[in-house]
Structure formats: C-alpha cells, structure tokens
Amino acid sequence: MHLLPNNLYIVSTPIGNLDDITLRALEVLKKSDIILCEDTRRSIKLLNHYNIKKKLIPYHKFNEKKQLTTIIKKFNEGKILSLISDAGTPLLSDPGRILVNKCLENSIKVTPIPGVSSIISALSVSGFSDKFLFYGFLPKTENELEKVLETLSKNEFSQIFFAPSNKLNFYIKRFKKFYLGRKILIAKEITKIHETFIREQISELKLFKNTFKGELTVVISENDNKVKKFDEEKIVNKIKKYLKKYSLKDTVNLILETENINKKKIYNLCLKAKNEKNI
C-alpha cells in the first residue's frame, strides 16, 4: 500500500478490544511519519501492541488551533500524517474538524480509513430503526438539556447519545419526560470483557443505585406512534394512592418518573387531590 504525501489519513482505532482494527489501518499507521493523537499515553498502548514505532504528536481539544501551523508545515515538508482518537472513529465527538477544514483550505487531501464506531456498534444490536440521528454528548445543565430534548424528541427517528456514566440518572429522568413510549438501549464497555447492554422501556427504566465507569452509548428507539395518551383519571387515581404514603412533593416526583406530562400540570393535579382529601 503506497501512502501519498499532502494527504491526511483519518484512521479508526479499536474502542476496547485491540483486535478490532483493520489491516489497512495498521498499514497506514506503520507508514505514517507522524501520528496525531488525543492522548499519547493511550495511543502508545495500541501502537506497542502492534509493534509500531512512530512519532506521536498530541492533538486534542485544548491545543487543536495552536497545532495547525505546525501540522501544515509538516505537510509542506512532504511528511505523511494520520489522525487517530483515543478510541473509535476520529471527529465523531472528538477533535479533528478544525484540522480537516484547514487541510481542505490548503488543498491537502483527507482520506478516511474506516473501522470501529461505538455509534454503529450499539445501533446494530439495538433492534431499533436504522434511520437514526447522532447527537453526541448531551448538555450538562438541566435547562439546556430540556431545550435540546424537547426539540429532538419530536423527531421520529432512532437517536444516539454519548453520556458520562456518573450523570446517567440525570439523563434518565429527562428521557422519561420527553421519550415516553420509546425503548432504550444503554451500551456499556462495548467490545470489552464486561460488555453490557441494558434494554428497557423508558417508562419502566429505574434509576441506577450504583454508577458505572467511563462513557456510555445510549440509543433511543424510533417513535412508533404508540405513545400513551394522557389519561387524567388514571393518573389522579395513582396520585391519590401515593398521597396516602408520601408527601405532596414526593408524589409529584414519583408521577413525573413515569408520565410525560408538564410538571406544573402534575403539581396542580396533586394539589387538587390533596385538598379534596382534606375536605
């Protein structure tokens, strides 16, 4: 395989199992003069595994703009460069977009070397529609998150997100609010020894008592138009049942966990039921 100078190779690497790499990807890495990577400590493990000795240059979200001049200079010197991320396919919620656009501006060809992607891997085992939207990492604040999910939930396609494991419950609470009637797949440690796929109806999904490690890939099913209609009588009966054991505040929160209804409306129904109870 002959690599061309003045060409940036975007190389996909394993997301866990080091055997998940293509022969072409290995060939490109072996013949590159320089490998741009997010974290040299992580990338060196992959390269050592395949006995590849190449110069690594850190390229991450904190230095990607500063490195552009140096990188373009290497291309002008006739060097062959490839870009890898810590895991999976570069540029998908990883640095690289700024570099790719800079290369295109300078008539530097950009060549993909395809391979593993946690996005496609999770979707392939979900059983959900292959018409999908990939969002990446969701906002971390409640107000911004709700704005995003309110818009996304109106789309009927399957949807894929990345989520840090320590905020999973935070996101589950909002999924219950906006995606009632859909299914969810939570993919943990894909391709690794402890690979786990959690499948559930969103309305039935419980909050997790223990947090996981690392990043999770979350897939929400397509909207099959079978979302339950608002049944006020049924909800009021549930409210009355909860009010016998719990406070008004706790009852509101319990109802919100399973019903896709505005919080203010739920509160008013709970308040009305509580006042009727005290008459």
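Yes/no per residue for (1) β-branched (Val, Ile, Thr); (2) in contact with a strand residue (DSSP E or B) (Cβ under 8 Å, 6 or more places away or on another chain); (3) more than 22 Å from ILE160 (Cβ to Cβ):
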position: ILE84; (1), (2), (3): yes, yes, no
position: ALA87; (1), (2), (3): no, yes, no
position: ASN101; (1), (2), (3): no, no, yes
position: LEU104; (1), (2), (3): no, yes, yes
position: VAL110; (1), (2), (3): yes, yes, yes
position: GLY115; (1), (2), (3): no, yes, no
position: ILE119; (1), (2), (3): yes, yes, no
position: ASP130; (1), (2), (3): no, yes, no
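The rows are residues; the columns are (1) over 20 Å from the mean Cα position of the chain (by Cα); (2) at pLDDT 85 or above; (3) more than 25 Å from ALA163 (Cα to Cα).
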{"position": "LYS228", "(1), (2), (3)": "yes, no, yes"}
{"position": "GLU233", "(1), (2), (3)": "yes, no, yes"}
{"position": "TYR242", "(1), (2), (3)": "yes, yes, yes"}
{"position": "ASN262", "(1), (2), (3)": "yes, no, no"}
{"position": "CYS270", "(1), (2), (3)": "yes, yes, yes"}
{"position": "ASN275", "(1), (2), (3)": "yes, yes, yes"}
Out of curiosity, is VAL125 closer than 20 Å to ALA25 by Cβ, at pLDDT 95 or above and of a type in the set (Val, Ile, Thr)? no
How about the stretch 1-94: which helices (runs of 4 or more DSSP H) wholly inside it have at least 2 residues that are without any contact (Cβ under 8 Å) to a residue 40 or more places away in the chain and within 24 Å of GLU195 (Cα to Cα)? 40-49
Number of positions in the stretch 122-144 that are in a helix (DSSP H, G or I) and surrounded by 18 or more Cβ atoms within 10 Å (Cβ to Cβ): 2
Residues that are touching a strand residue (DSSP E or B) at 6+ places or on another chain (Cβ under 8 Å) and not in a loop (DSSP other than H, G, I, E, B), drawn from the stretch 150-167: LEU152, SER158, GLN159, ILE160, PHE161, PHE162, ALA163, PRO164, SER165
Can you name every residue in the stretch 52-90 that is under 21 Å from ARG41 (Cβ atoms) and among the hydrophobic types (A, V, I, L, M, F, W, C)? ILE52, LEU56, ILE57, PHE62, ILE71, LEU81, LEU83, ILE84, ALA87
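The values are calculated or read from the model by the stated rules, or taken from the named source; none is laboratory data. Note that the coordinates shown come from a computational prediction; the quantities given were computed from them, not determined experimentally. For neighbour counting, all protein chains shown are included, and Cβ atoms are generated from backbone atoms with ideal geometry for every residue, glycine included.
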